[in-house]
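The structure appears right after this line, and notes come after that.
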Amino acid sequence: MKKNLTINEAIEISKNLRKQKKIIIVTGGCFDIIHIGHISLLTEAKKKGDILFVLLENDTNTTINKGLGRPINNQKQRSIVLEALETVDYVINLPNLISDNEYDNLITALRPAIIATTKGDSFRKHKERQALIIGAIVVDVIKPIPNTSTSKMADVIQKKFMI
């Protein structure tokens, strides 16, 4: 089964899944260096329904959100890692410079029943607004796990190997 989808393929598949009365869950992020927080998010999100779509941020947005030197792994590499995970049904590689309106249109077209987040997600209000538009719910599936962010891991690695 092909797991890596274009936006148009994902929209078509979600239409078919909804006809089958499948519960679609969407989550998203950069997923730069996969760690226990990512695995917990994906595992708990998947438990909320039948099919988990992961919206994978592009390299440009990852740099904007995480800072210079990021991502460590490019979008294609990050996608391959996500596709290898059993809990992930589909990965949608988001294009460069996707706007808020484009995110809204994508969520509206996918029409998930659940938008899964980590408690304290900085984009929660945006996700709640999207959920309201389509009649979905936003669910905090995990709390942040201390000292597990990719940014923190990258800092530790850089310090360890500095001469």
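In the chain, the DSSP-assigned H stretches of four residues or longer account for a calculated mean residue ellipticity at 222 nm of -13500 deg cm²/dmol, using -39500 (n - 2.57) per stretch and the full residue count as denominator.
Helix 150-160 and the long axis of the chain differ in direction by around 20°, with both axes built from C-alpha atoms. Of the listed values (i) 1.02; (ii) 1.10; (iii) 1.47, identify the label whose number matches Cα Rg over 2.2 N^0.38 Å calculated from this model. Only one option fits the structure, namely (i). Judged by the gyration tensor of its Cα atoms, with axes a ≥ b ≥ c, region 79-139 is prolate; a/c meets the 1.5 cut and a/b is the larger of a/b and b/c.
Cross-link pairs exceeding 30 Å between alpha carbons, from the set LYS2/LYS152; LYS19/LYS47; LYS125/LYS152; LYS3/LYS47; LYS2/LYS159; LYS22/LYS66: LYS2/LYS152; LYS2/LYS159; LYS22/LYS66.
Determine the sum of side-chain charges near HIS38: Lys and Arg each +1, Asp and Glu each -1, restricted to other residues whose C-beta is under 12 angstrom from that of HIS38. Every neighbour counted, the sum reads -1. Think of each Lys and Arg Cβ as +1 and each Asp and Glu Cβ as -1; about the Cα centre, that makes the dipole of the chain roughly 340 debye.
Add +1 for every Lys or Arg and -1 for every Asp or Glu among the other residues with Cβ under 15 Å from the Cβ of LEU68, and state the total. Combined, the nearby Lys, Arg, Asp and Glu give -1. Rounded to the nearest 10 degrees, the angle from helix 124-134 to the longest Cα principal axis of the chain is 20 degrees.
The numbers here are math on the coordinates, done by the rules we state, and not lab data. What you see is a predicted model, and the numbers here were worked out from it, not measured in a lab. Don't worry about glycine lacking a Cβ; one is built from the backbone with ideal geometry, like all the others, and counts go over all protein chains shown.
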